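Student: My structure is below; once you've seen it, I'll send some questions.
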Amino acid sequence: MKISDAQFDKLLTVQSAQELKSFLAQRRMVPSLPQANTLRQHLGNLQNSLKKIRLGIVHTYTSELLDPWLLFSAALNQLDLDIYHAPYGVTLQAAEANSGLVNHSPEVTLLLLTKEDLHPAFQKPPAGIKLADRQEIDNQFQRTVQGLVAALRDKLTGQLIVTILPSPASPGLGMYDDMAENSETLWWSQTKACLANRFRTEFSGVGLLDLDQLVMQIGRDSFFDSRLWYSSTFPFTSQGALAVSNAVTSTAASLHLTKAKVIALDADNTLWGGVIGEDGINGIALGKEYPGRAFVDFQKRLLSLQQRGFLLVLCSKNNPDDLNEVLVDHPHQVLKTEHFAAQRVNWLSKPDNLASLAEELNLGLDSFIFVDDSDHECSAVRHSLKEVLVVQVPSRPAEIPGCLDAVARLEITALTTEDLEKTAMYSQERQRKSQLEALTETGSSIDDYLLSLNMKMTVGLNDLSHLSRLSQLTQKTNQFNLTTRRYSEQDLAEKIGDENTFVYHFSLGDNFGDSGIVGLAIIERDSGEKAQLDTFLMSCRVIGRQAEQAFLHTILRDLRVKGVEALSAEYIPTRKNVLVQSFLPDNGFNVTVDGSGDLSLAGTAIHTDNDFPIIIEGPLLQ
Amino acid sequence: MSVFEKLQSIMAATLEVPTNAISESSAMDSIEEWDSLGHVHIMVALEQAFDLYMDVDDFAKLDSVPAILQYLESESVS
C-alpha cells in the first residue's frame, strides 16, 4: 500500500525504529523512495548509536540502485551500513588479496548472481534442455557457485549471503510447467536445495537467501520491474528492492545485534482475546471462529519461534488458577505448560517480573522481547527496562499473528541441537532445583546434591562438527566469559585448522538430561612451552556444578601432555562478566592488578577426576 | 503547493540535497547528485509521487526540471 501524505506526517512522529517497522509491516505500507529517505533521516535523528556494519556486494547486475533501500532497511533494524560495491561481474578478482572488497573487510557480503552468468545453458529457455543433459549442467553450475563462494570464503571473514535472481518471466511451458516431466520450477527448486545443502555442510557462515520466497511474499509483478531491467540492468521494483534489503539487514541484525533469547508473553488479549478472569474459560476468544482463530494462529507462530530456539515465558497479571485452567483444559490452546521455560503469573509489576525471570533463566534482560497488548504495560517496560525490546500486540486481531514477523532479532542463521532442546533443558534445571531443595531440607550438603546428580562431562578438542554451536557460544555467552571475544564459524574454523591453537569444548550430562555443548576454551600456543588462554566461557545453564573447574583441569592436564608449561590468561571486565572476576586467582593463577595472570603448569597440582563430583570422559583422556 | 514545489521536495528528498538546491532551471549537469543513478531514482520517485507509469523512452528525455515539468503537464498532473 502507498503511504498518503497524511499517513506519512503521522509516521514522522514515531519515536523508535521498531515502532515504525511494525507499523509499516502490519499495514503493509511501502514507502516511496523520497519517503524512505526522509524516514531514514528521521530515524537517524532519533537514534544516536547505530551499530555500524560493513557490507560488501558482489554483483552481476546493477546493485548501486539498492543503496537507498538497504540504508533505509538498516535504519529500521538499528544498523548503519557502510556499503562497498565490487566491480561489476562474477570474477574471482574480488577475492584476490588487496581487492577493494577484501580491503573493505565486510562483516556481511551479499552476492547478487543470475543463473545466466553462472552457466551459459541458462541463456536459452530451459525447457529446450534435454532431461538427460540436466545433471551435467547442474554439476557445472554448482561447481561454479561453489568455486566462487570458496574463493570469497577464503579471503573474507564475515557472513556470505548468496542470492540467485529468479526468472522474471513465468516458466517456458506456461501453466503446464507444474505438470510437465521437464518442469522448470521443479528443476530450479531441486538445484536450490542442493546448493543450500552444500553451503550448510561444506562451508561456515554461508547462507542461501532464496529470492523466490520474497517473490512469493509480494508477487512476481510487484517484485520485478522490466523497464528498469531493460534500461538499467536493475531487476527490482521499489517494493522488491525493499524486500531484498530487509532480508539482508535482518541477517546482519541477527548476527551483529545482541541475540534475542526469550519471548516474554502477556496472556489476556495477547494469547487469546478477552480477559480470562472476567470472561472465563468459555468466554475468551480462542478457537475456530473470528477473532479466536487469529489467536490460535499467533500461538502456532510462537510455537515455531520456540522451535527456532527461542524460550517462551509467561509474564501476565492473572490469578494463576485461571490461567492454568486455559493452559491445561482449553481445547484450542496451542501453548501448553511444557512450552514455557518459566512463568510469572501474579499481580506484581511487569518490569519486576521480567527482572526476576531474567534471574531465574540466568539471561540478560537485553536478550528479552516483551510482547503485550497494553499501552500501559508496554510503556512501563520501555521506561524502566530500556534494554528489553517491546513489541505491542496490534489492536486488530487479524494483524496479531504476524506481529513478530518483522523483528529481525528473531531471525537465525544456524540451528543447533541445543536450540531445539532448550526449553526441555530449562525444565530439567527446575527439576534439579527441586532435588536440591528436597536434599537441603533433609540436611544434606551441596556436595551430596552434586554427587546425587551423577554428572558426566565429555570433553572434545578441535571438533569441526560443532562449529555452529561453538560460534554461537562465543556470540551468546556474556556472564561466564573471561574475555568476551566473539567469533564467527569462519574464525573458529581457522583456529581449529591452526596447529598452534587448541579449541576445547565440553558437554555435561546427568540424571535429568544432557546439557549439550555448554563450555568452550581456546588456547593459543606462542612458543613450545608458553600458551595464552584466549577464551574461557561456559553457558550459565550449568553454573554451580563445578563444571568450570573440571573443564579447566582437564585442559591443563592435556596441555601438560602437549608440553605446555606456562599458561597466561586475561580477564577483560565487561558490564556483565563480574561472575568470573575471581575465576583466575581461584584457580591458582598469579594475578596482577589488571586481573590478568599466569599459571605455571609444572608447579601446579593439577586435580584428578576424583576431585570433582563429575566423571570426565572424552577422546583426550585415553 | 504548486507542481514545481512538490517536484522540488520530491527531488530534494530523493537526491538527499537541500530543497533550495533544486531550482526551476536545474538540470542533470547542474546538480552533482543528479548522476545516472540519481536519475533512475528520480524517475522511480516521480512515478510513485505522481501516480504515473512511465515509458523507458521518456527516462532519457527528462534530464532537467523544465523537461520534467512539461512532461507532468502533458500527463495532466496538477
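Student: Given the range A:1-48, what whole percent of its Cα pairs are spread farther than 19 Å?
Tutor: Pairs farther apart than 19 Å: 13 percent.
Student: If you don't mind, another one. In nm², what is the average projected area of the convex hull enclosing the Cα atoms of the range A:326-380?
Tutor: Mean orientational projected area (the range A:326-380, Cα hull): 4.7 nm².
Student: Let me check the size of the range A:445-621 from its C-alpha atoms; what are the radius of gyration and Dmax in Å?
Tutor: 15.3, 45
Student: Another question, then. Where the centroid of each part is defined by its Cα atoms, how far is the range A:448-489 from the range A:505-559 in Å?
Tutor: 7
Student: Find which of A:128, A:602, A:496 sits farthest along the positive direction of the dipole of chain A, computed with +1 on the beta-carbon of Lys and Arg, -1 on that of Asp and Glu, about the Cα centre.
Tutor: Going by the Cα projections, it comes out as A:128.
Student: Which percentage, to the nearest 5, of the DSSP beta bridges contained in the protein assembly as shown is antiparallel?
Tutor: So the antiparallel bridges in the protein assembly as shown amount to around 40 percent.
Student: I've got another one for you. Work out from phi, with θ = phi - 60° and the Karplus expression 6.51 cos²θ - 1.76 cosθ + 1.60, the ³J(HN,Hα) of each residue of the range A:533-545, listed in order in whole Hz, and give x for Gly and Pro.
Tutor: For the range A:533-545, the Karplus curve yields 8, 6, 9, 9, 9, 8, 5, 5, 4, 10, 5, x, 10 Hz.
Student: Largest first and in whole Å, what are the equivalent-ellipsoid semi-axes of the range A:80-171 based on the Cα gyration tensor, each being the root of 5 times an eigenvalue?
Tutor: In descending order, the three semi-axes are 29, 14, 10 Å.
Student: Next up: Taking amide hydrogens as modeled 1.01 Å from N in the peptide plane, which residues meet the under 5 Å criterion relative to residue A:370, leaving out close sequence neighbours?
Tutor: Under 5 Å from the amide H of residue A:370 lie the amide H atoms of A:264, A:389, A:390, A:391, each far enough along the sequence or on another chain.
Student: Taking all pairs of different Cα atoms in the range A:219-342, averaging 1/r and flipping that mean, what Kirkwood radius in angstroms comes out?
Tutor: 17.3
Student: Right, another one. State which entries of A:124/A:300; A:2/A:422; A:52/A:317; A:192/A:495; A:52/A:386; A:259/A:530 exceed 32 angstrom in Cα-Cα distance in the structure shown.
Tutor: Flagged as over cut-off: A:124/A:300; A:2/A:422; A:52/A:317; A:259/A:530.
Student: Could you please tell me the mean projected area of the C-alpha convex hull for the range A:316-442, averaged over all directions and given in square nanometres to one decimal?
Tutor: Mean projected area of the Cα convex hull: 10.1 nm².
Student: Average partner chain C-beta neighbours within 10 Å, per residue of A:27-35?
Tutor: Across the residues of A:27-35, the mean count of other-chain Cβ atoms within 10 Å is 5.
Student: Based on Cα positions only, what radius of gyration and what Dmax would you give for the range A:153-296, in angstroms?
Tutor: 21.6, 63
Student: Follow-up question, since we're still on this one. By the scheme Lys and Arg +1, Asp and Glu -1, what is the net charge of all other residues having a beta-carbon under 10 Å from that of residue A:168?
Tutor: Charge balance near residue A:168 sits at -1.
Student: To continue, here is another question. Pull up the cross-link candidates among the aspartates and glutamates for residue A:115, meaning alpha carbon to alpha carbon under 17 Å and not fewer than 8 places away within one chain.
Tutor: Within the straight-line limit of under 17 Å, residue A:115 reaches these aspartates and glutamates: A:133, A:136, A:138, A:184, A:210, A:212.
Student: What does the charge add up to near residue A:295, with Lys and Arg as +1, Asp and Glu as -1, over the other residues with Cβ less than 14 Å from its Cβ?
Tutor: -2
Student: Right, something else. Size of the dipole of chain B about the Cα centre, Lys and Arg at +1 and Asp and Glu at -1 on the beta carbon, nothing else charged, in debye to 20?
Tutor: 180
Student: Which one, A:390, A:190, A:313, is farthest towards the positive end of the dipole of the protein assembly as shown when Lys and Arg carry +1 and Asp and Glu -1 on their Cβ?
Tutor: A:313
Student: To continue, here is another question. Is the range A:517-622 rounded, prolate or oblate when judged by the Cα gyration tensor, a ≥ b ≥ c being the square roots of its eigenvalues, rounded requiring a/c under 1.5 and prolate requiring a/b larger than b/c?
Tutor: Since a/c reaches 1.5 but b/c is at least a/b, the shape of the range A:517-622 is classed as oblate.
Student: Right, here's the next one. Where nothing but the Cβ of Lys and Arg (+1) and of Asp and Glu (-1) is charged, how large is the charge dipole of the range A:1-48 around its Cα centre, in debye to the nearest 20?
Tutor: 180
Student: Is the range B:3-74 rounded, prolate or oblate when judged by the Cα gyration tensor, a ≥ b ≥ c being the square roots of its eigenvalues, rounded requiring a/c under 1.5 and prolate requiring a/b larger than b/c?
Tutor: Note, shape of the range B:3-74 comes out rounded.
Student: Shape call for the range A:1-130 from the C-alpha gyration tensor, a ≥ b ≥ c root eigenvalues: rounded (a/c under 1.5), prolate (a/b greater than b/c) or oblate?
Tutor: Verdict is oblate for the range A:1-130.
Student: Still on this structure: Give the Cα extents of the range A:367-460 along the principal axes, in whole Å, largest first.
Tutor: The Cα atoms of the range A:367-460 stretch 54, 35, 25 Å along the principal axes, largest first.
Student: Please compute the average number of Cβ atoms from other chains found within 10 Å of each residue's Cβ in peptide A:232-239.
Tutor: That works out to 2 on average.
Student: So how do A:127-133, A:471-477, A:380-386 stack up, highest first, on mean other-Cβ count within 10 Å?
Tutor: Most protected by this proxy first, the peptides run A:471-477, A:380-386, A:127-133.
Student: Can you give me the long-range amide H partners of residue B:27? Hydrogens built in the peptide plane at 1.01 Å from N, cutoff under 5 Å, separation of 5 or more residues or another chain.
Tutor: Those lying under 5 Å, H to H, from residue B:27 are B:65.
Student: Amide H to amide H under 5 Å from residue A:615: which residues, 5+ apart in sequence or cross-chain, H placed 1.01 Å off N in plane?
Tutor: A:455, A:456, A:457
Student: Now, a different point. Taking a temperature of 10 °C and a viscosity of 1.306 mPa s, what whole-number D in µm²/s does Stokes-Einstein yield for chain A with Rh from Kirkwood over alpha carbon pairs?
Tutor: Stokes-Einstein gives a translational diffusion coefficient of 59 µm²/s.
Student: To the nearest 20 debye, what charge dipole does the protein assembly as shown have about its Cα centre, counting +1 at the Cβ of each Lys and Arg and -1 at the Cβ of each Asp and Glu?
Tutor: 740
Student: Another one. Could you work out, residue by residue across B:39-45, how many beta carbons of other chains sit within 10 Å of that residue's beta carbon, and then give the average as an integer?
Tutor: Per-residue shielding by partner chains comes out at 6.
Readers should treat all values here as calculations from the given coordinates under stated rules, not as data from a laboratory. In this text the structure is predicted, and so the values were computed from the model without any measurement. Counting neighbours? That spans all protein chains shown, and the Cβs are built from the backbone with ideal geometry, glycine included.
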